[in-house]
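Asks: Supplied in structure tokens, the structure appears directly below.
Just so you know, all these numbers are worked out from the coordinates, no wet-lab data involved. Not measured: the values here are computed from a predicted model. Cβ atoms come from the backbone with ideal geometry, glycine included; neighbour counts cover every protein chain shown.
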Amino acid sequence: MDIQTQYIFPTPIWRTNITLELEKHNITIEDLVNQCLEMKTKDQGRTVSNIGKTSYQGNNFFLNDIEKTPFEKTWQILHDIVNSIYNDTWCGELNITNAWININEKEALNGIHNHPDSILAGCLYLQVPKNSGKFHIKRHFTEEFIYHRYGRLKTDSDNNPIYQDHVASEISYSPVVGDVIIFPAHTMHYVGVNRSNIARFSVAFNCG
């Protein structure tokens, strides 16, 4: 008997890499990392989702804060990507409303959270050393609880649970330099612990 499984109501995650697009405008990843470091010298930062003594999360910055800097053109590139995604399904235009810098030194992480006041959220990865923490999207706890009540999951030979897509608790991504990951802003997500001796740099942003 042929039994077909269909996955309905999927959560979209969009991913691209903008390194070549930046190069068209004579912008390098190093330019953006250096601008992050310069902005950090003028901003003591804040504590929101960042956890650990070696974590840094900058305050929000806006388009008018980055005029005539490499981030200004980068903002426009991200704006165009966001609206290409948005206009595949919806009418109108989104704007990047705010952005901020994340610098995670060794043992730093970003705890689980979402961005409930925005439509889409995203992150541009500027420095991603090996073992510096994956990006995780987590299923809403209510749905996770329901599926886990159905019974004990099958396990492999090492006793690790075998997750079909419809019962997975979370999905993880290993971004590379220049990657942009965009996702629905209500989705719960977090960043794992940086086990590397090299800092992880990213720029997160909200769209509304």
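Asks: Relative to the longest principal axis of the C-alpha atoms of the chain, give the angle of the C-alpha long axis of helix 70-86, reported between 0 and 90° and rounded to the nearest 10°.
Replies: For 70-86 against the chain, the angle is about 30 degrees.
Asks: On a 0 to 90 degree scale, rounded to 10, what angle separates helix 29-41 from the longest Cα axis of the chain?
Replies: Value to nearest ten degrees: 80.
Asks: How about the range 110-165: which chymotrypsin sites (Phe, Trp or Tyr not before Pro) there lie in a loop by DSSP and see at most 16 other Cβ atoms within 10 Å?
Replies: On the way: sites: Tyr125, Phe135, Phe141, Phe145, Tyr147, Tyr150, Tyr163; in loops: Tyr150, Tyr163.
Those satisfying the criteria are Tyr150, Tyr163.
Asks: Just tell me the longest site-free run in the chain, where the sites are trypsin sites (Lys or Arg not before Pro) in a DSSP loop having at most 13 other beta-carbon atoms within 10 Å.
Replies: Values: sites that count: Lys42, Lys53, Lys68, Lys130, Arg149, Arg152, Lys154, Arg195.
That gives 69-129 as the longest site-free run.
Asks: Under a point-charge model restricted to the Cβ atoms of Lys and Arg (+1) and Asp and Glu (-1), what is the dipole moment magnitude of the range 14-207 relative to its Cα centre, in debye to the nearest 20? Could you put the intermediate results ahead of the total?
Replies: Numbers: 18 positive and 22 negative charges, 140 e Å.
Dipole size: approximately 680 debye.
Asks: From the C-alpha gyration tensor of the chain, pull out the three semi-axes of the equivalent ellipsoid (sqrt of 5λ each), sorted largest to smallest, in whole Å. Please report the intermediate quantities before stating the final value.
Replies: Values: eigenvalues 206, 92, 49 Å².
Its equivalent ellipsoid spans semi-axes of 32, 21, 16 Å.
Asks: A further question follows. Determine which lysines satisfy two conditions relative to Lys53: a Cα distance under 26 Å, and not lying fewer than 8 residues away in the same chain.
Replies: Answer for Lys53, where 26 Å is the Cα cut-off: Lys40, Lys42, Lys106, Lys130, Lys134, Lys138, listed by chain and number.
Asks: Report the one residue of Pro129, Ala185, Ile85 whose Cα lies farthest in the direction of the positive end of the charge dipole of the range 14-207 (charges on C-beta: Lys and Arg +1, Asp and Glu -1; origin at the Cα centre).
Replies: Positive-end residue among those listed: Pro129.
Asks: While we're looking at this one, here's another question. Work out, in µm²/s and without decimals, the Stokes-Einstein translational diffusion coefficient of the range 121-203 at 4 °C, 1.567 mPa s, Rh from Kirkwood over C-alpha pairs.
Replies: On the way: Rh = 14.6 Å.
Roughly 89 µm²/s, to the nearest whole number.
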